[in-house]
Amino acid sequence: NSDKADHRLFMSGQSIWRLKADRGGNLWAGTYFDGVYFFNPAIDYYATIPLHFENFPVISHIQPLPNHLLVLSTEGDGLYITNDKGQVIHHSDIPNIKCTYYDADHAVLYLGTHLHGLYVVSLAPLQHATSHTKLSTLPITHYDLPFPHRNGCQIVRSILPTNDGPDRSGQVLLLGTHNGVFSFSPSDGTFRLLSAALDSAITKVVSMALSEDGNTLYVGGEHLVCYDRAHDRVQTMRHLPFRN
């Protein structure tokens, strides 16, 4: 609509690194060295969240919380909890966060890092926090990845929840790493190689996706691999078909 203001330049030309849509239909945009932006499409409202980070971190993940707080994972400057005015109420020095999964039912954040394995952060202390709360610490557990069979690399690039837990609660995670795909059980902190057949078909995992029924795992790295979990069967798509 030509009557509306042109908002295309509202981000000062900075690259968008991460997008997050919340349950209210709002869009959050994390940028490369330029903080976080907020957009409410219902009322055509844009806002900048001023972040005063000393090291100008790249925003790798945004998790809005119900009490007007934001959880910001960064590449290079750790984990931040801020209020909606951009004021930091907590900072944890977790190195180079590449991927995250937030378990809202248990208020637990799982962080995959570059070279430093897996971190598990309890956000339970935030449940009664306000925009004026200052948190000195959050419960954090660090896990090194198992690497008996390949290269010992501690890079986690993808985290997916599954419904494979003994109580069907979804408390088993799939970890895509540069050392293979593992399942991780948060209840006891144990890792298991997901499949020897899958492991022989992949090298460094960059991204993963799970089908809606949970039976097919798609693993992307140097090529695409489709893994049938029910039958432990692997199909490698070395040359993807191109169609108009």
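Listed by first and then second residue, the pairs linking a residue in the range 106-119 that is touching a residue at least 40 places away in the same chain (Cβ under 8 Å) and more than 14 Å from Asp93 (Cα to Cα) to a residue that is polar (S, T, N, Q) and part of a strand (DSSP E or B), with Cβ atoms under 6 Å apart and 6 or more places separating them unless they lie on different chains, are Val108/Ser122. Just one residue in the set Arg233, Arg192 is open to solvent by 50 Å² or more (accessible area, probe 1.4 Å), charged (D, E, K, R), on the phi < 0 side of the Ramachandran plot and modelled with pLDDT under 95; that residue is Arg192. Scan the range 94-104 residue by residue and report those that are touching a residue at least 40 places away in the same chain (Cβ under 8 Å) and farther than 16 Å from Ser60 by Cα. Asp103 - this is the single residue of the range 94-104 that is touching a residue at least 40 places away in the same chain (Cβ under 8 Å) and farther than 16 Å from Ser60 by Cα. The single residue among Asp34, Asp77 that is part of a loop (DSSP other than H, G, I, E, B) and within 29 Å of Gln154 (Cβ to Cβ) turns out to be Asp77.
Any chance the range 159-170 includes a residue that's within 30 Å of His90 (Cβ to Cβ) and among the aliphatic types (A, V, I, L, M)? Yes.
The single condition from (1) surrounded by fewer than 19 Cβ atoms within 10 Å (Cβ to Cβ); (2) not in a loop (DSSP other than H, G, I, E, B) that Ser187 fails is (2). Select from the range 117-132 the residues that are in a loop (DSSP other than H, G, I, E, B) and open to solvent by 40 Å² or more (accessible area, probe 1.4 Å) and list them in ascending order. Residues satisfying the conditions are Gln127, His128, Thr130, Ser131, His132.
Residue selection: Ser12 fails the criterion of being at pLDDT below 80, open to solvent by 90 Å² or more (accessible area, probe 1.4 Å) and farther than 27 Å from Leu118 by Cα.
Exactly one residue out of Thr177, Thr113, Thr100 is open to solvent by 20 Å² or more (accessible area, probe 1.4 Å) and of a type in the set (Val, Ile, Thr): that is Thr100. Against the test of being more than 16 Å from Trp17 (Cα to Cα), in contact with a Gly (Cβ under 9 Å, 6 or more places away or on another chain) and crowded, with 18+ Cβ neighbours inside 10 Å, the options Ile89, Ile94, Ile59, Ile81 yield a single qualifying residue, Ile94. Of everything in the range 80-100 that is assigned to a strand (DSSP E or B), closer than 20 Å to Leu175 by Cβ and β-branched (Val, Ile, Thr), the residue that is farthest from the chain's Cα centre (by Cα) is Ile97.
The values are calculated or read from the model by the stated rules, or taken from the named source; none is laboratory data. Fair warning: this is a prediction, and the values are worked out from it, not measured in the lab. Glycine gets a Cβ as well: all are built from the backbone with ideal geometry, and neighbour counts include every protein chain shown. Remember, those area values only see protein heavy atoms, side chains included, never the ligands or the DNA or RNA. Shrake-Rupley method; radii C 1.70, N 1.55, O 1.52, S 1.80 Å.
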